[in-house]
C-alpha cells in the first residue's frame, strides 16, 4: 500500500519552507511596502518591478479549467525539468535511494539522478519499445522511490501500453511519474484522469510542445494535494517569472488556434512518413504519437552530417541503446518539411 510519508525524505518532511512577502499577504492592496522592490517601476514599457505570484494562482486556475483538475492538484515549474529535479530532492536520499528508468527515454531523468547522487537502475524497453514489467519488478527493492515513464516516449515516439502503467501504479509503493510532454499529439488519453484512483501517480505535462511556448519554460505536474504541497515546500519562492505567467495566460485563451496547429502537425507527420519511406537509405519508421518520428537508416551519422552542412538540423540518436542507426526528426512547417525532403534527394 502506498503511504507518502514512507518515501518522503525526513529532512523534507520537517522542512519549514521560505516564506516570501507575497506568501504572507493575501487579498487586495494598493500600496506594497513589504518586499523591498523598486517602487518607482522598471525601465521597460511593461512593468516588472513587482515579484510574481509565487503560487501562480491565476495561471493554475486557467489550467484547471482546461485540464479538469483542481488548482490544488497542480504544480508549475520552470519547465518540466524543475519538476523532475524537485521530485528527486523531495523523495530520494542522496547516496541511499534509487530510481528506475526505462531507456531509451528522456535524458534529463538520468541527469537529475546524477546531480542528486541517486542511483539509477535501468530496465530497457522491449524490442517493441514497451515496458519490461518482469525486469522492473526484479529491479525494485526497499530503496526504490521513483519510476519514470515517458509516454509518448522520447525518442521513440510511441505510447506506452496503458495497462502496463496501471500495473506499476497498483503494485509499486513509490511514485510512478508519467511524463506526457507529447500527449497533445497522441491518440491515447491522459493519465490525469486517474489521479483520484492512484495516490502514487504524478503526471508531467508542458506548454513547450503543442502550445509552442518553449522559451517561456512553463512545466506542469499533476498529483494529489499531498504531493503538490511537498513540491511547493521545496521549490524556489518565485520559480515562474511574471512575464512567463502573463504570456502563458494569453496563450491559454487561444485553444482553437493550438488545436488547429496540432491537426496540421499530425497531417505533416503522416506526410513525412509516407515521403521518407521512398528513400533507399530509410530502413524503418517507427509509429509515433508525438510531433517527431524516429527513422532507422543505413547511415545515421552520414545523413546527419550531410543535413548539417545544408543548414538542416535533426537529432542523431544512433548511439542510444535500441535506437542504433536512428535519426529523430521533428515535424516542421510544410515549407521546412519540403526543404528536408528535397535536400535528402541529393544524399548518396
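The values are calculated or read from the model by the stated rules, or taken from the named source; none is laboratory data. Keep in mind that what you see is a predicted model, and the values were worked out from it rather than measured. Glycine also receives a Cβ, built like all others from the backbone with ideal geometry; neighbour counts cover every protein chain displayed.
State whether one or more residues within segment 288-301 are surrounded by 15 or more Cβ atoms within 10 Å (Cβ to Cβ), under 30 Å from residue 216 (Cα atoms), free of Cβ contacts under 8 Å to residues at least 60 places away in the same chain and outside the structural domain of residue 212 (by TED's automatic domain parsing). Taking every residue of segment 288-301 in turn, at least one turns out to be surrounded by 15 or more Cβ atoms within 10 Å (Cβ to Cβ), under 30 Å from residue 216 (Cα atoms), free of Cβ contacts under 8 Å to residues at least 60 places away in the same chain and outside the structural domain of residue 212 (by TED's automatic domain parsing). Just the residues that are touching a strand residue (DSSP E or B) at 6+ places or on another chain (Cβ under 7 Å) and either outside the structural domain of residue 202 (by TED's automatic domain parsing) or without any contact (Cβ under 8 Å) to a residue 24 or more places away in the chain (or both), please, taken from segment 24-78. 60, 64, listed by residue number. Screening 11, 78, 38 for residues that are out of contact with any helix residue (DSSP H, G or I) (no Cβ under 8 Å at 6 or more places or on another chain), at pLDDT 95 or above and over 30 Å from residue 139 (Cβ atoms) leaves exactly one candidate, 78.
Considering only residues that are part of a loop (DSSP other than H, G, I, E, B) and surrounded by 15 or more Cβ atoms within 10 Å (Cβ to Cβ), which ones fall in segment 311-348? Residues satisfying the conditions are 312, 314, 317, 318, 320, 322, 323, 325, 331, 332, 347.
Consider segment 106-130 and keep the residues that are touching a residue at least 40 places away in the same chain (Cβ under 8 Å) and surrounded by fewer than 19 Cβ atoms within 10 Å (Cβ to Cβ). The one that is nearest to residue 140 (Cα to Cα) is 124. Can you find, within segment 268-287, the residue that is farthest from residue 156 (Cα to Cα) among those that are crowded, with 17+ Cβ neighbours inside 10 Å and within 25 Å of the chain's Cα centre (by Cα)? The selected residue is 268. Within segment 212-232, the residues that satisfy the criterion of being surrounded by fewer than 15 Cβ atoms within 10 Å (Cβ to Cβ) and under 26 Å from residue 149 (Cβ atoms) are 212, 214, 225, 226, 229.
Restrict the check to segment 239-261 and report whether at least one residue is under 30 Å from residue 299 (Cβ atoms) and not assigned by TED's automatic domain parsing to the domain that holds residue 54. Quick ask: steps written out before the conclusion?
Within segment 239-261, the subset under 30 Å from residue 299 (Cβ atoms) is none.
Taking every residue of segment 239-261 in turn, none turns out to be under 30 Å from residue 299 (Cβ atoms) and not assigned by TED's automatic domain parsing to the domain that holds residue 54.
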